[in-house]
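Below is one structure, written out as structure tokens; the observations come after it.
The values are calculated or read from the model by the stated rules, or taken from the named source; none is laboratory data. Small disclaimer: the values here were computed from a predicted structure and weren't measured. Ideal geometry is used to build each Cβ from the backbone, glycine not excepted, and the neighbour counts take in all protein chains shown.
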Ligand SMILES: Nc1nc2c(ncn2[C@@H]2O[C@H](COP(=O)(O)OP(=O)(O)O)[C@@H](O)[C@H]2O)c(=O)[nH]1
Ligand SMILES: [Mg+2]
């Protein structure tokens, strides 16, 4: 008997910092999207692909929305276009330990405007709401928070979970499988993202910078790989950390270069783990004021 194979695209949406990238990384089993407690950590749409013999889930990790509001709709539509097929499941993620914020309502509004979240009878794309961070949820808040998010998103399914504690991940997978269409596998089983190794490496370095900096610095940082040389015994990676001001450069370098060394060591260890090879990592810090406003630089950084 022919065994049924399921495959589909799952759009992960939600305000910043709720755990979208953590969710995708956890289900994919690889880091495809960097994680930090700073808003706007994810700057670009990332595909994360989880494959088993019976199913393949293609997660679209969208940058958390911020103003302008039309961005998410555009990103989602674009994501759907770029993935060739339609979105099969909408997966809004929220932080259930808190009451909904205006940004959560904005996400729902955007989904409505983009034609998702139709009244249940007319709805084509199922909505699976993830109530994440239940590890921080107080028992007395469970009912009120649950009801508040349910009212905003009108989900077809709700999964309460903790990605940090790896609680209820099997339940999420089972719930998604209920809604995943019958399809052949879209990507080879060893392909877990659409990002290049170079981009992933630059992102890993940026993640380490984010972990060690605060206030305006994380937003001002961009990273890119300038040189990638696979040698017999190791991979040489020369990468640039871009900041916007001299003061930020001084912070990233630190006293006697201590901060940059720390960032370099952490990034190198993770890169070696990811590549399965020894890595020789060279980091340079450069100042480019207003790189965020420059379409050319944004393109070079692969954010466009
Ligand atoms: N307490 C708690 N923290 C979590 C959980 N899931 C993710 N986080 C943390 O929330 C922060 C934001 O996560 P991230 O995946 O980058 O969120 P994103 O902006 O929605 O992609 C990180 O510091 C995560 O470690 C969870 O279940 N519980
Ligand atoms: Mg993210």
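Could you tell me which numbered condition residue 20 fails, if it satisfies all but one of (1) at pLDDT 90 or above; (2) more than 7 Å from ligand 1 (Cβ to nearest atom)?
(2)
Being out of contact with any strand residue (DSSP E or B) (no Cβ under 6 Å at 6 or more places or on another chain), in a helix (DSSP H, G or I) and surrounded by fewer than 19 Cβ atoms within 10 Å (Cβ to Cβ) is the filter here, so list the residues in segment 87-139 that pass it.
102, 105, 106, 109, 112, 113, 120, 121, 122, 136, 139
Does segment 45-58 contain any residue that is closer than 25 Å to residue 106 by Cβ, more than 10 Å from ligand 2 (Cβ to nearest atom), at pLDDT below 90 and not in a strand (DSSP E or B)?
Yes, segment 45-58 contains at least one residue that is closer than 25 Å to residue 106 by Cβ, more than 10 Å from ligand 2 (Cβ to nearest atom), at pLDDT below 90 and not in a strand (DSSP E or B).
Write out, first by first residue and then by second, each pair whose Cβ atoms fall under 7 Å of each other, whose residues are 6+ apart or on separate chains, and whose first residue, in segment 11-25, is farther than 13 Å from residue 39 by Cβ while the second is near ligand 1 (Cβ under 6 Å from one of its atoms) and assigned to a helix (DSSP H, G or I).
Final answer for the pair search is 12/20.
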